[in-house]
Amino acid sequence: AMSTGNVNLDILLNQIEADRLAGTDQSILQIMRRYPSLSQKQAEEIYRLISAASISKSSVTASLVATIPPTFSVKAKSTKNTVESLIREFKRSVLITGYSLSGYFADLVDVLIEKSQKGIYIKFFVNNIEAQKSFDKLCRYKGRFLHIYNYLGNSDSMAALISVDQEKTLITSANLSYHVQEGNIELGTLVESKELAKQVDDLFTYLIFSKTVHEI
């Protein structure tokens, strides 16, 4: 039998993670060997607690997303590249907020329209749409799968956000006209979290039902 001192903690934690991923529970015996005073029930409870913490830890990742002057050397995802990959690669649904579309984003508008015509669900929340001529084309294609909502307020009273497939959410100061803002420093974060994406979706669903925003 293995003595208590020989059950290395790192090895034990790795065994618990391997069990969690494989759906097995061999590490319960290892927990009892390391801590002989525990009952099997207590060891099982520790296994469940560590497994749950591991799931919580691994289900959220965050990355810095930035628009910075080209002379800067910072390890961060490019805002432009991140926005483009999110829009081009989403497969089921997307929720977007923004008050200004740049010329660059015009290409991505075509991608959104094409995806909506294939039955992919799009919700676009616009700030004071009467002042945003660049949304005209998008509005012409609104329908069953492309919904556009207007929020009346100042020209920049809504944060820029893109949430795709209820999995990834980009929140950024850059909005969607970032590439013409030469010299601006824009920061944001890309979070991979189903829980956060659901919170975002729930929030905007509430804004719709409370008539804070109005579908056009």
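The values are calculated or read from the model by the stated rules, or taken from the named source; none is laboratory data. Note that the coordinates shown come from a computational prediction; the quantities given were computed from them, not determined experimentally. Please note: Cβ atoms are built from the backbone with ideal geometry, for glycine as well, and neighbour counts cover all protein chains shown. Note: accessible area is taken over every heavy atom of the protein model, side chains too, but ligands, DNA and RNA are not part of it. Shrake-Rupley method; radii C 1.70, N 1.55, O 1.52, S 1.80 Å.
Scanning region 121-139 for residues that are surrounded by fewer than 18 Cβ atoms within 10 Å (Cβ to Cβ) and assigned to a strand (DSSP E or B) yields a total of 1. Just one of the listed residues (S37, S56) is small (G, A, S), at pLDDT 85 or above and exposed (fewer than 11 other Cβ atoms within 10 Å of the Cβ), and it is S37. Within region 140-173, the only residue that satisfies the criterion of being assigned to a loop (DSSP other than H, G, I, E, B), in contact with a helix residue (DSSP H, G or I) (Cβ under 6 Å, 6 or more places away or on another chain) and among the hydrophobic types (A, V, I, L, M, F, W, C) is F145.
So how many residues does region 130-145 have that are within 11 Å of I216 (Cβ to Cβ) and under 25 Å from the mean Cα position of the chain (by Cα)? The qualifying residues number 3. Among the residues of region 114-130, those that are within 12 Å of Y151 (Cβ to Cβ) and in contact (Cβ under 8 Å) with a residue 24 or more places away in the chain comprise F124, F125, V126, N127, N128, I129. For region 65-79, the tally of residues that are open to solvent by 80 Å² or more (accessible area, probe 1.4 Å) and within 16 Å of the chain's Cα centre (by Cα) stands at 1.
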